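Inspection log for the structure reproduced underneath, given as structure tokens.
Here, each number is a calculation from the coordinates, and none is a lab measurement. It should be emphasised that the depicted structure is a prediction, and the values quoted were computed from it without experimental measurement. Please note: Cβ atoms are built from the backbone with ideal geometry, for glycine as well, and neighbour counts cover all protein chains shown.
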């Protein structure tokens, strides 16, 4: 699987976890009827407000969302659904920090991380955006390999296509888009080295804590 496709799958899984109506009382009561093969979604927050009329759920205050090996950290997570059933999501942080999303892929010793001042999902357009000092990074055995960064990074689900935009609020000092992709041979060598490390019983290195 290519790096872009891998990152796209990761991003879309974050906000396509549950429709906003899943947090209504009726949906919670019927949760046991859902497919047991699907990982459970847990959202921790200091406050939850659900509006049945607008089908909007707002989680606020130290939000931690997990679903299997996926994790999202934000100050606020807003999930909505329109009359036609399209879903929308927005995760945001205060001005001093960035939304953090992460997926572990232990079978290939990979960790995928994304950060941005805001993350948005548009179900009608089938797009996912990281906005404001946006960066996506793939780590292998704890070391960074591939990355893409800019003011905004957008993924189009319908066409499996990426766009990265430059701007004054880019993650790069010059405001431009930056993309780094390592040769496949280097990636394969890193995975094999990590596999040998695991076989020896040593601890697998983990990525450093992200910068705010």
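Worth pointing out:
- Full extension of the chain segment joining residue 97 with residue 46 gains 16.6 nm, where the gain is 0.36 nm per residue of separation less the Cα-Cα distance.
- Once both labels are positioned 7 Å from their Cα atoms along Cα-to-Cβ, the gap between residue 69 and residue 159 label points is 3.1 nm.
- In this simple spin-label model, placing a label point 7 Å from the Cα along the Cα-to-Cβ direction at both residue 186 and residue 202 gives a separation of 2.1 nm.
- Taking other Cβ atoms within 10 Å as a rough exposure proxy, 84, 126 sort from fewest to most as 84, 126.
- Cβ-based exposure ranking for 115, 43, 131, 180, in which fewest neighbours within 10 Å come first: 180, 43, 131, 115
- The stretch 164-184 and the stretch 84-132: distance between their alpha carbon centers, rounded to Å: 17
- Neighbour counts of C-beta atoms inside 10 Å place 156, 88 in the sequence 156, 88, starting with the fewest.
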